[in-house]
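Throughout, read-outs are computed from the coordinates displayed, never taken from laboratory work. As the structure is a computational prediction, the values presented were derived from the model and not from experiment. Cβ placement follows ideal geometry from the backbone for every residue including glycine, while neighbour counts extend to all protein chains displayed.
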């Protein structure tokens with residue numbers, strides 16, 4: 001089982017890299033994507049024109065919305081399922 005666990009850890013960067021690749025592939029033609037907000041902010045500061053600032057909000061609002069959704073999912077879906085499973089385990093023991 002330890003060997004399988006090690007293999008999964010070694011393969012973990014592959015789906016992350018694939019997701020980043022797909023985001024770039026889909027959005028470079030649309031916005032010239034910078035999926036790192038700091039990179040997008042730096043380019044907008046250096047470029048200094050209004051066009052660079054038009055879509056800047058999405059690079060800051062998007063991660064906050066995603067974090068809120070992830071926190072809600074963790075708190076009310078994942079933890080609720082774990083508490084329910086633990087409660088049923090304790091009642092049968």
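By the Kirkwood approach, averaging reciprocal distances over each pair of separate Cα atoms, the range 9-68 gets a hydrodynamic radius of 12.9 Å.
Can you order the peptides 59-70, 35-46 by their average number of other Cβ atoms within 10 Å per residue, highest first?
35-46, 59-70
Extension gain, residue 56 to residue 71: 0.36 nm times the residue separation minus the Cα-Cα distance gives 3.0 nm.
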